[in-house]
Structures are given as structure tokens and as C-alpha cells.
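What follows is a single structure, written as C-alpha cells, with notes after it.
The values are calculated or read from the model by the stated rules, or taken from the named source; none is laboratory data. This one's a predicted model, so the numbers in the text were calculated from it and none came from an experiment. In this analysis, Cβ positions are derived from the backbone assuming ideal geometry, glycine residues included, and neighbour counts consider all displayed protein chains.
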Amino acid sequence: MTFKKNNICLGVALATITVAGALVSPQAAAGTKAERMSEAANNKVDALEAQLQAMQAELASLKEQANRPADSEKVQELDAWMTSVKSQPVEAKTKDNMVFFRGGYAHANEDRGGTLDPTSNTAFGASNPNGQLNGNINDQDAWYFGAGFDFSLDDNLFGLMDDTEVLAELGVNYTELATIQPNGISFNVPLGGGATLPAVNTESATINMATVSASPKIKFLKNSAFRPWLIPVGFELNVISPPSDAITVLTPGMMFGVGADYKIWKNLYVGADVRYHYAPGDVDGVNVNTLNAGGYLGIGF
């Protein structure tokens, strides 16, 4: 009896296991197939992604190769420009042009001559007692003042000498030579028998000279506070009035000069110069050869 019960239980268990296996097997098979399909799809996606990345990398490489020559040339040009800029010396900003105001002492080599010179005035003779002279025209001492401009043309004497500047100087000077009171010509001093003598002329005349000049100037020690200079030769026009009765003289001449200036503060300069004015021969007996010596105040711009 017991044996039968055991067999019956064993049969039920086997039947239960069989039914369970039959039920589970399709589900397991279905799960395995889905996993395989999902894995295959994932593999395809990975392959496509890898191909896309490869194409993007190749495209980027092609772009880089296409742009590399132009970029390389630009970089080389920039490098060359930076090297040239860095290699250039630093230039100090200076005010090379100047306006100056000058004045001082003038000395004539010879007397001026002309009919206002009492030694050459023969209207009444040199010993005419009625003639008066204040500041003899034969006096060789005089004074002058003037102004001018310096314009910078070159910094190294056209390549011949470093730190040697070439400038063009334009100037105008006024020189006062003398003040005279010439012999009179008014016959208003009665004498016996109806004769008259010329009265003393109380009118005076200033003998002066105006000079306009243009000269090359060579100035040494550029960028230095102290700068000597010279004018090898310059051109000038001299106007003297009145050197003689009712006559104004215009005569060309030459000028030579040396000098130096010193920067005292910022663009403010003080200087001194000596100049010789020379005109070959004379005009209407008037000689304009003169030596000037004086100082000047300059302002750089």
C-alpha cells in the first residue's frame, strides 16, 4: 500500500516537472533570440558609428591639409615682421625743426659810402660848417635783430656721416647802421648884399639794412643737448635805405656762419652764432660786408 502511494507521488512530480519544462522552454528560446537580435543591431550601430567617425577624421585631415600652406605662409610672414620690428632700434621722438629769434652786435668792414657820407658830399664841401652829423655813417659799429626757421632735411648728412643733420635755414635780419643829419639845402640864411647860405637841416635819417637769407645748415651731434653747427655758404639779399640821397640799394650776397645751441628745457634752446655777410664789389658806392655776432633763443617744433 505504501509502495503504491510512493509511485503515485513520484508520477505526479514527474508530470509536474515535464509540464513546467514544456512551459518554460518556449519562453527561454524567445528570450535568447531577442538578445541575439538586439546584439546584432548594436553591433551594426557600432560599426556605422565607427565608419562615421573615420569619415569625419578623414574630412578633418583633408581640411587641415588644404588650409596648412596658406596658414603656414601667414605665420611665416607674421614671424618675419615681428622679428624686423624687434630688431629695429628705438628712435627717440625729437623736435627737429626750430623757430629762433636772434640779435647782437654788427661790425662793418668798411664805411658805407654814398652821398650822405660827409667826406663824399661835395655839394658844399666836406668842411661845410652848417652840416651836422649824429652817428657818423662812417661808424663801423651797429646792432641787429632778426628771426628765422630751421627745417630738417636729413639725419645723417645724406648717408655720409651719422648723427649729422642737414637743415634748410630761412631768415630775415634788420641791421641799424647809423643815424645822420645831412647838410641842408634850404637857402634861408640871409647874408649882406642879398646872398644866402644853406640853413642847418634838422631832419635826420636812419641808415639801415634788411637782409633775407636762405642757407643750408649742417648740425652735428643729433639727439644731444649741445649741438654745434655751421653754414658753409648761403644766399642773401640786402636792402640798404637810404645809403644816399633818394637811393635805395638792393644787392645780392653770400653768408657764412658757425654757432651752437643748447637745450635748456624740453624744446627750448639757447645759442650763439657768428656770421659774415659778403657781397662782391659794391652798388652805388655802398659796401655791405658785415660781421655779426650774437645770441638767439630757439623753440623746437
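What to note about this one:
- Any hit, the stretch 237-257, residues being more than 21 Å from Tyr174 (Cβ to Cβ), assigned to a strand (DSSP E or B), in the same structural domain as Leu157 (by TED's automatic domain parsing) and at pLDDT 90 or above: no
- Residue tally, condition touching a residue at least 12 places away in the same chain (Cβ under 8 Å), of a type outside the set (D, E, K, R) and either within 22 Å of Lys222 (Cβ to Cβ) or out of contact with any Phe, Trp or Tyr (no Cβ under 9 Å at 6 or more places or on another chain) (or both), over the stretch 250-273: 13
- Boolean, Ala50 is at pLDDT 85 or above, assigned to a helix (DSSP H, G or I) and not assigned by TED's automatic domain parsing to the domain that holds Phe226: yes
- Filtering the stretch 258-301 to residues that are closer than 17 Å to Val172 by Cα and among the polar types (S, T, N, Q) leaves Asn289, Thr290, Asn292.
- The stretch 152-169 residues that are over 14 Å from Ser224 (Cβ atoms) and in the same structural domain as Val233 (by TED's automatic domain parsing), paired with ones that are among the small types (Gly, Ala, Ser) and assigned to a loop (DSSP other than H, G, I, E, B) (beta carbon under 9 Å, 6 or more apart): none
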